[in-house]
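*Asks:* Pasting a structure here, questions to come.
Quick note: the coordinates plus some simple rules give every number you see, no bench work behind them. On a predicted model such as this, the values are computed, not experimentally measured, just so you know. Heads up, the Cβs are rebuilt from the backbone with ideal geometry, glycines too, and the neighbour counts pull from every protein chain shown.
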Amino acid sequence: DHVHTSEDIVLEGNSTKLYSIPPLPFQSPALWWPNGLGDQPLYKVDITLDVREYGESDSWSHLFGFRHIDSYIDPSTNGRTFVVNGEPIFIRGGNWIVSDGLLRLSKDRYETEVNFHADMNLNMIRIWGGALAERPEFYTACDKRGLLVWQEFWITGDCNGRGIEPSDPNWPLDHDLFLTCAHDTVKLLRNHASLALWCGGNEQHPAADINEALEKNLKIV
Amino acid sequence: MATNLQSIILNEGWVAARASDVQLRGQDLTTSQFPSLNSDLWMEAVVPGTVLTTLLKNDLVPDPFYGLNNLEVPDIADVGREYYTFWFCNRFKLPRVPQDGKVWLNFRAINYQAEVFLNGFSVLLSKGMFLRHTIDITDWLNVYEENRLAVLVHPPDHPGRIPPEGGQGGDHDIAKDVAAQYVEGWDWICSIGDRNTGIWDVVSIQQTGPVRLVDPHLVATFHNSYTQADLWMTTELFNACSTRVTVTVTLNVSLDDASEFCIV
């Protein structure tokens, strides 16, 4: 009376294997909707590993929302249109810098602040590129209240090519480090239903090689 | 779901000191006496948090978010990176002795770079404010005794300077690093004296068996309508032991509301 599947895998010593479980079909899954357009049902997904002759080896748990998000530039308005579960969404968004300049971030604080946004009937929060990749607890709060999240990477106009005095569009100095951080951040946050869009930066493209790598790799992801 | 695996969140018991005031090396800090709060050097620390959070907790700086207090907080451009280079120390005991298992030390984010010491062993972590770090500490553990952890945290390489007229991102130098840029000041935001240096996200000790789940990925795809969907799960499986093993991967899915289940 609930979804359960398991499979045996053989792993060589000191090795890593990328493993995909056969896709699980769902009939009439409860769909996750942005705030104001429906509910935000979340499925609890539990993964456990049991090693033969050892026992339980690792486990992972996550709240997952069934939704499909698409977006494109509408040529008639030159604006980005978001479509969730086939329905175009009128976006009412708020900008987000950071909860606290001393990074006193907590689940309770995130929930309170995200609830403020939801209670104002907003349905999107944009995370400005000059601040953080927000924490999983922030995204969980957005998952629960139906706030779509526009997450920018750490590039801004003023610090990455514009500004007074003009800054250098090729910054940061270590492009490989930027991409390593970007890959890790995507892996940290990618399972959240609220995550709607990755954006290269604020008011500015990243350096060409970073931008190209982000576009290419995010599509692969 | 019941589990025998242990995980400890290290968010209490931390002490900190300015590195330039501490004569001991990381090996010494993690093999001799745990730093005493009775000395003038060490103070209670806030982890997760920044160096400034710890200084504020100990009343060593005024609250920068009231009045003009932020002007009294030393800016890293004036006092140098050493001023905000700090040791953070903690200790822990494992609730259960691992047998043939693995123990991992996880940092979900450090700004900007850290050297980690545990019971005399050490590792230098990568730079970058937005990077998770997972360290296999199995062979470093004092299984039946206290384990001592010390983390030397360095500020961003290019903390920059705030021009008298302010400006968006100060002199922009922070953008040379992979870090938050608002810390040099922006619009109505005052600059942050320590540039958010610190162990600013969760630290945990995680116990696993020989095989670890790494970054599971869940994706839903839909058929012609939204009445049918497939759930895809992909994950890395890391076998940290030297022998071949057979592992059973089990996936359970149910609506969070425990009274409802979905039928495949």
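*Asks:* For n ≥ 4 DSSP H runs only, could you compute -39500 (n - 2.57) per run for chain A, divide by its residues and tell me the 222 nm figure to the nearest 500?
*Replies:* When only DSSP H runs of four or more count, the value is -7500 deg cm²/dmol.
*Asks:* Once amide H atoms are built 1.01 Å from N in the peptide plane, which residues 5 or more positions from residue A:26, or in another chain, come under 5 Å H to H?
*Replies:* B:229, B:230, B:231
*Asks:* So how many Å³ per residue does the convex hull of the Cα atoms of segment B:72-170 work out to?
*Replies:* Convex hull volume per residue, Cα atoms: 120 Å³.
*Asks:* Continuing with the same structure: Note the full-extension length gain between residue B:188 and residue B:134 as 0.36 nm times their separation in residues minus their Cα-Cα distance, in nm to one decimal.
*Replies:* This chain segment gains 15.8 nm when fully extended.
*Asks:* Give a residue-ordered list of calculated ³J(HN,Hα) values for segment B:146-160 (Karplus: 6.51 cos²θ - 1.76 cosθ + 1.60, θ = phi - 60°; whole Hz; x for Gly, Pro).
*Replies:* Computed from phi, the couplings for segment B:146-160 are 6, 10, 10, 10, 9, 10, 9, 9, 9, x, x, 5, 10, x, x Hz.
*Asks:* Based on the Cβ-Cβ distance from residue A:211 to residue A:61, what FRET efficiency comes out when R0 is 25 Å, to the nearest 0.05? Before the final figure, lay out each step's value.
*Replies:* Numbers: r = 35 Å, r/R0 = 1.40.
With R0 = 25 Å, the Cβ-Cβ based efficiency is 0.10.
*Asks:* Something else about it: From the phi angles alone, apply the Karplus equation (6.51, -1.76, 1.60; θ = phi - 60°) to segment B:198-207 and give each ³J(HN,Hα) in whole Hz, x where the residue is Gly or Pro.
*Replies:* Rounded to whole hertz, the list is x, 8, 8, 9, 4, 10, 9, 10, 10, 9.
*Asks:* On to the next question. Using the alpha carbons of segment B:151-264, what is the convex hull volume per residue in cubic angstrom, as a whole number?
*Replies:* On the way: hull volume 30.5 nm³, N = 114.
It comes to 267 Å³ per residue, whole-number rounded.
*Asks:* Related question: On the principal axes of its Cα set, how long, how wide and how thick is segment A:1-43? Give whole Å, largest value first.
*Replies:* 50, 24, 13
*Asks:* Taking θ = phi - 60°, what integer Hz values does the Karplus form 6.51 cos²θ - 1.76 cosθ + 1.60 yield along segment A:87-102, in sequence order, with x for Gly and Pro?
*Replies:* Listing the rounded values in order: 9, x, 10, 7, 7, 10, x, x, 8, 10, 9, 6, 5, 7, x, 9 Hz.
*Asks:* Could you list the chymotrypsin sites (Phe, Trp or Tyr not before Pro) in segment B:46-146 that lie in coil according to DSSP, counting only those with at most 10 other Cβ atoms within 10 Å of their Cβ?
*Replies:* Here the sparse-neighbourhood loop sites are B:66, B:144.
*Asks:* Identify the trypsin sites (Lys or Arg not before Pro) of segment B:1-68 meeting these criteria: DSSP loop state and at most 15 other C-beta atoms within 10 Å of the C-beta.
*Replies:* B:25
*Asks:* Which residues make up the longest stretch of chain B clear of GluC sites (Glu not before Pro) that lie in a DSSP loop with no more than 15 other Cβ atoms within 10 Å, not counting the sites?
*Replies:* Details: sites that count: B:12, B:145, B:146, B:165, B:260.
That gives B:13-144 as the longest site-free run.
*Asks:* Between residue B:28 and residue B:214, what is the FRET efficiency for a Förster distance of 35 Å, r being their Cβ-Cβ separation, to the nearest 0.05?
*Replies:* According to the calculation, E is roughly 0.55.
*Asks:* Sticking with the crude label model, points 7 Å out along Cα→Cβ, report the distance from residue A:121 to residue A:187 in nm, one decimal please.
*Replies:* 4.3
*Asks:* Also, I was wondering about something else. Run the dipole for segment A:78-147 about the Cα centre, Lys and Arg Cβ at +1, Asp and Glu Cβ at -1, nothing else charged, and hand back the magnitude in debye, nearest 20.
*Replies:* Its charge dipole is roughly 140 debye.
*Asks:* Hey, rough spin-label estimate for residue B:37 and residue B:126, points 7 angstrom out along Cα→Cβ, what's it come to in nanometres?
*Replies:* Label-label distance for residue B:37 and residue B:126, simple model: 3.6 nm.
*Asks:* Could you work out how far apart the two model spin labels at residue A:78 and residue A:165 are, taking each label as a point 7 Å from the Cα in the direction of the beta carbon, and quote it in nm?
*Replies:* With each label point 7 Å from Cα toward Cβ, the separation is 3.3 nm.
*Asks:* Assuming 0.36 nm per residue, please report the length gained on full extension of the stretch residue B:59 to residue B:7 beyond their Cα-Cα distance.
*Replies:* On the way: separation 52, 0.36 × 52 = 18.72 nm, distance 3.24 nm.
Additional length available on full extension: 15.5 nm.
*Asks:* If you average 1/r over every pair of different alpha-carbon atoms in chain B and take one over that average, what Kirkwood value in Å do you get?
*Replies:* Across chain B, the inverse of the average 1/r is 21.2 Å.
*Asks:* Report, as a whole number in µm² per second, the diffusion coefficient that Stokes-Einstein gives for chain A at 37 °C and 0.692 mPa s using the Kirkwood radius over alpha carbon pairs.
*Replies:* Result for D is 166 µm²/s.
*Asks:* Using only Cα atoms, what Kirkwood radius does the protein assembly as shown have, in angstroms?
*Replies:* So the Kirkwood estimate lands at 24.0 Å.
*Asks:* Where does each of B:32-39, B:195-202 land if you order them by average Cβ count within 10 Å, highest first?
*Replies:* Highest-to-lowest ranking by the protection proxy: B:195-202, B:32-39.
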